[in-house]
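The values are calculated or read from the model by the stated rules, or taken from the named source; none is laboratory data. The structure presented is a predicted model; accordingly, all values stated were derived computationally and were not measured. Methodologically, a virtual Cβ is constructed for each residue, glycine included, from the backbone with ideal geometry; neighbour enumeration extends over all protein chains shown.
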Amino acid sequence: MRKVITGNHTVSYAAKITRSEVVAAYPITPQTQVVEKISSFCADGEMDAIFIKVESEHSACAACIGASAAGARAFTATSSQGLALMHEMLHWAANARTPIVIANINRAMGPPWSIWTDQNDSLSQRDTGWIHYYCEGNQDVLDSIIQAFKVSETVSVPSLVILDAFFLSHTSEPVDLRDQKLVDKFLPKYEAKWKLDPKDPHTYGGLTGPDRYYELRYNLQKDFLRVEKVMDKVHQEFKELFGREYGRVEPFMADDAEILLVVSGTISSTAKQAVVDAREAGLKLGSLKIRVFRPFPFDLVKKYLKGKKAIAVIDRNYSFGGEGIFYSEVKSAMYDEPHLPIYSYIAGLGGRDVAVKDILAIANLAKEGKCDHPTWWGVKL
């Protein structure tokens, strides 16, 4: 079944067709429509889930942790300040190995108060031990949530599925909602390896000392190292069953490109048009979308960037006192390619539009080797 729906309602349908069993709900713009729609599904009997109305995002994440620890498939959605309020619980969810999935609608952090998009809310959580997916379109949103549950439940690591505020959350696109029988085949009912059970009592998350804590964190990292192989297998299974292809990174006309753009989120779509226009003008431009930010795809970034004349990383985020966050990761991946110029461009913070003409201008600057460190593109002072 295909429907023309917003990114927010795509998230709602994803929660439904993945048969999420517990949904914790706290509204925050621009996420509110997600939980409103799920509430309607539950009230109308279309979705068999426990819908918990909580008093804060902190409680929403805590409710999901409790549900997941008891063996249920748990889901919630949030944005910006709401995700920041969850921060303590995000650490707890990852370290407790609860395979929750949260949809985060990227929204700038205040003050000044903003409801428009950039990536600093989700990237502020990059070290909490969650898998991070960055979505380009609404179909990507639906499919990423389906895949995220499968990956998370395989490795016992939670996932954030991230989409741009308004560019996706409130924009309608055609979405194939998937046949429920096929989704059930791809994503069977969650069977927890360990769960809270009064008939088989154990202590979870209790006090531990230096003699055990270190190894527990090492075990989490070991499973993160498994995530990439699990993802690649899940992507292949998804392609065979549904006919749509995904990767941890997604190149566009990258193989023969001399100048390569590194992008994420909705800017990826704009970059593709810029690549087409540049090719028509004689510039061998290509792009590489980073879809999975954690674990960072070092191997694939090295594969596609090696041998290029210049790299332009476009970040819709910034680490203050540092640099663009994707840029830092790309530089780290390419540390043993010292003669490869990698340039940093900051663009689109707070929902500022990043148009094809902007990306073409950035590509030409990279070709000419012109970049401050970094270049804040389009700043009006």
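Looking at the stretch 196-217, can you tell me whether even one residue there is touching a Lys or Arg at 6+ places or on another chain (Cβ under 8 Å), in contact (Cβ under 8 Å) with a residue 24 or more places away in the chain and more than 17 Å from GLN139 (Cα to Cα)?
Checked against the condition, which is being touching a Lys or Arg at 6+ places or on another chain (Cβ under 8 Å), in contact (Cβ under 8 Å) with a residue 24 or more places away in the chain and more than 17 Å from GLN139 (Cα to Cα), the stretch 196-217 yields no hits at all.
Answer yes or no as to whether SER268 is crowded, with 16+ Cβ neighbours inside 10 Å and in a strand (DSSP E or B).
No; evaluated as a whole, the condition is false for this residue.
Considering each of ALA84, ALA108, ALA62 in turn, give the residue that is within 30 Å of GLU191 (Cβ to Cβ) and modelled with pLDDT of 95 or more.
ALA62
If THR76 satisfies all but one of (1) touching a residue at least 60 places away in the same chain (Cβ under 8 Å); (2) assigned to a strand (DSSP E or B), what's the number of the condition it fails?
The failed condition is (1).
Restricting to the stretch 238-259, count the residues that are out of contact with any Pro (no Cβ under 7 Å at 6 or more places or on another chain), assigned to a strand (DSSP E or B) and within 16 Å of ARG291 (Cα to Cα).
Summing the residues that are out of contact with any Pro (no Cβ under 7 Å at 6 or more places or on another chain), assigned to a strand (DSSP E or B) and within 16 Å of ARG291 (Cα to Cα) in the stretch 238-259 gives 3.
Here is a yes/no grid of residues against (1) under 20 Å from ALA148 (Cβ atoms); (2) over 21 Å from the mean Cα position of the chain (by Cα):
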{"residue": "THR10", "(1), (2)": "yes, no"}
{"residue": "ILE17", "(1), (2)": "yes, no"}
{"residue": "SER20", "(1), (2)": "yes, no"}
{"residue": "VAL34", "(1), (2)": "yes, no"}
{"residue": "SER40", "(1), (2)": "no, yes"}
{"residue": "GLU57", "(1), (2)": "yes, no"}
{"residue": "ALA72", "(1), (2)": "yes, yes"}
{"residue": "PHE75", "(1), (2)": "yes, no"}
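When the stretch 160-208 is examined, which residues are found to be in contact with a His (Cβ under 9 Å, 6 or more places away or on another chain) and hydrophobic (A, V, I, L, M, F, W, C)?
LEU160, VAL161, ILE162, VAL175, TRP194, LEU196
Can you name every one of the helices (runs of 4 or more DSSP H) wholly within the stretch 271-381 that holds 2 or more residues which are among the basic types (Lys, Arg), free of Cβ contacts under 8 Å to residues at least 60 places away in the same chain and more than 21 Å from GLY137 (Cα to Cα)?
298-305
So which residues in the stretch 175-213 are exposed (fewer than 11 other Cβ atoms within 10 Å of the Cβ) and of a type in the set (Phe, Trp, Tyr), if there are any at all?
If the condition is that a residue be exposed (fewer than 11 other Cβ atoms within 10 Å of the Cβ) and of a type in the set (Phe, Trp, Tyr), then no residue fits.
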